[in-house]
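K.L.:
Have a look at this one before I ask anything.
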Amino acid sequence: MEYFNNELNSGLVWLPELGMGRFPVPPERPYDERYFMRYQVMGDTSLGRRLTDARINFVMRHYQGTLLDVGIGAGQFVASRSETLGYDVNPAGVDWLMMRGLWAELYTGHYPALSFWDSLEHIDHPDIAVSHAAKWVFVSVPLFESAEHILHSRHYRRDEHIWYWTHDGLVRWFNAHGFDCAEYNTTESELGREGIGSYAFCRRSNQAVIVRRV
């Protein structure tokens, strides 16, 4: 069974009962100046600007105040929304934030709100990351129906994407970590992206949270 066990340790593992999968991305990842510049180019397009506006409006429907953006891309959201700080592991992103006085360390404190625009799936321990949200977590993430769907998707990136979810799997995962879904929409897909869901998750309290579908 060595062949099977090797694949468990080095290949995609999909658990349909959880609606969740994992790929063991190697520690050497492509987060560098070139990566940052590629996102600058993508952000400076009609689609990039519309995505940033949609994300700002999405957050505004639920929350106004200080927010930490985790995984800033090239900083479009941070630069466009007031009261927004950033955290990143890409040295180019860290330098960009530091130069503007917008850097904040995710793992040493708690923040009223966190956003993960196309970044939650990149994080080795997303459970630890979201635990630093005092109230709100905003997420955009690729969604999948099955392991076969992942294998044929443009979002199957074996040098970047560690985690894969179905819609129900992601909602259950956040629920298990103390968050209820306050809104789910497919705005980013409607703008032209492939298979992206956007979510607002609110840390559970004694007050019921009503899920809004837009």
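K.L.:
Which of the residues belonging to the stretch 109-128 are more than 24 Å from residue 50 (Cα to Cα) and modelled with pLDDT of 95 or more?
P.N.:
Narrowing the stretch 109-128 to residues more than 24 Å from residue 50 (Cα to Cα): 109-112, 123-128.
Once the filter is applied, which keeps residues that are more than 24 Å from residue 50 (Cα to Cα) and modelled with pLDDT of 95 or more, the stretch 109-128 yields 110, 111, 112, 123, 124, 125, 126, 127, 128.
K.L.:
Condition first: at pLDDT 95 or above, under 16 Å from residue 20 (Cα atoms) and among the charged types (D, E, K, R). Can you find one or more residues in the stretch 162-178 that meet it?
P.N.:
So far as the stretch 162-178 goes, yes, one or more of its residues are at pLDDT 95 or above, under 16 Å from residue 20 (Cα atoms) and among the charged types (D, E, K, R).
K.L.:
Here's another thing I want to ask about it. Within the stretch 124-132, does at least one residue satisfy the condition of being surrounded by fewer than 16 Cβ atoms within 10 Å (Cβ to Cβ), aliphatic (A, V, I, L, M) and within 19 Å of residue 204 (Cβ to Cβ)?
P.N.:
yes
K.L.:
How about the stretch 70-103: which of its residues are among the β-branched types (Val, Ile, Thr) and over 17 Å from the mean Cα position of the chain (by Cα)? First the steps, then the outcome.
P.N.:
So in the stretch 70-103, the residues among the β-branched types (Val, Ile, Thr) come out as 70, 72, 78, 84, 89, 94.
Selection gives 94 alone.
K.L.:
Here's something else I'd like to know. I need the full set of residues from the stretch 159-186 which are assigned to a strand (DSSP E or B) and small (Gly, Ala, Ser), in order please. Talk me through it step by step, then tell me what you get.
P.N.:
Let us first name the residues in the stretch 159-186 that are assigned to a strand (DSSP E or B), namely 163-165, 179-185.
Answer for the stretch 159-186, where residues must be assigned to a strand (DSSP E or B) and small (Gly, Ala, Ser): just 182.
K.L.:
Shifting gears a bit: Filter the stretch 124-158 down to residues that are among the hydrophobic types (A, V, I, L, M, F, W, C), assigned to a strand (DSSP E or B) and out of contact with any helix residue (DSSP H, G or I) (no Cβ under 7 Å at 6 or more places or on another chain), then give me how many there are. Before the answer, list the steps.
P.N.:
Kept after step one, since they are among the hydrophobic types (A, V, I, L, M, F, W, C), are these residues of the stretch 124-158: 128-130, 133-134, 136-139, 141, 143-144, 147, 150-151.
Those still in the list that are assigned to a strand (DSSP E or B) too: 133-134, 136-139, 141, 143.
Those still in the list that are out of contact with any helix residue (DSSP H, G or I) (no Cβ under 7 Å at 6 or more places or on another chain) too: 133-134, 136.
Residues flagged as among the hydrophobic types (A, V, I, L, M, F, W, C), assigned to a strand (DSSP E or B) and out of contact with any helix residue (DSSP H, G or I) (no Cβ under 7 Å at 6 or more places or on another chain) within the stretch 124-158 amount to 3.
K.L.:
Right, here's the next one. Out of (1) without any contact (Cβ under 8 Å) to a residue 12 or more places away in the chain; (2) in a loop (DSSP other than H, G, I, E, B); (3) among the hydroxyl-bearing types (Ser, Thr, Tyr), the odd one out for residue 189 is which?
P.N.:
(2)
K.L.:
Sticking with this structure for a sec: Residue 116 versus (1) in contact with a Gly (Cβ under 8 Å, 6 or more places away or on another chain); (2) in contact (Cβ under 8 Å) with a residue 60 or more places away in the chain: which is the lone unmet condition?
P.N.:
Unmet for residue 116, out of (1) in contact with a Gly (Cβ under 8 Å, 6 or more places away or on another chain); (2) in contact (Cβ under 8 Å) with a residue 60 or more places away in the chain: (2).
K.L.:
Ok, one more. Give me the residue from the stretch 22-61 that is surrounded by 13 or more Cβ atoms within 10 Å (Cβ to Cβ) and of a type in the set (S, T, N, Q) and, out of that set, nearest to the chain's Cα centre (by Cα).
P.N.:
52
K.L.:
Sort through 115, 119, 146 and tell me the only one that's over 23 Å from residue 27 (Cα atoms), under 12 Å from the mean Cα position of the chain (by Cα) and not aliphatic (A, V, I, L, M).
P.N.:
Numbers: 119 fails: over 23 Å from residue 27 (Cα atoms); 146 fails: under 12 Å from the mean Cα position of the chain (by Cα).
None of the others qualify; the one that does is 115.
K.L.:
In the stretch 95-123, what count of residues is obtained for those that are surrounded by fewer than 17 Cβ atoms within 10 Å (Cβ to Cβ) and either part of a helix (DSSP H, G or I) or touching a Pro at 6+ places or on another chain (Cβ under 9 Å) (or both)?
P.N.:
Of the residues in the stretch 95-123, 5 are surrounded by fewer than 17 Cβ atoms within 10 Å (Cβ to Cβ) and either part of a helix (DSSP H, G or I) or touching a Pro at 6+ places or on another chain (Cβ under 9 Å) (or both).
K.L.:
Something else now. Give the residue that is nearest to the chain's Cα centre (by Cα), with candidates limited to residues of the stretch 157-180 that are over 28 Å from residue 36 (Cβ atoms) and surrounded by fewer than 19 Cβ atoms within 10 Å (Cβ to Cβ). Full working, then the answer.
P.N.:
To start, the set of residues in the stretch 157-180 that are over 28 Å from residue 36 (Cβ atoms) comprises 166-169, 171-180.
Filter again for surrounded by fewer than 19 Cβ atoms within 10 Å (Cβ to Cβ), leaving 167-168, 172, 175-178, 180.
Details: 167: 14, 168: 16, 172: 16, 175: 16, 176: 17, 177: 16, 178: 17, 180: 16 Å.
Ranking the candidates gives 167 first.
The values are calculated or read from the model by the stated rules, or taken from the named source; none is laboratory data. In this text the structure is predicted, and so the values were computed from the model without any measurement. Here Cβ is always computed from backbone atoms with ideal geometry, including for glycine, and neighbour counts include all displayed protein chains.
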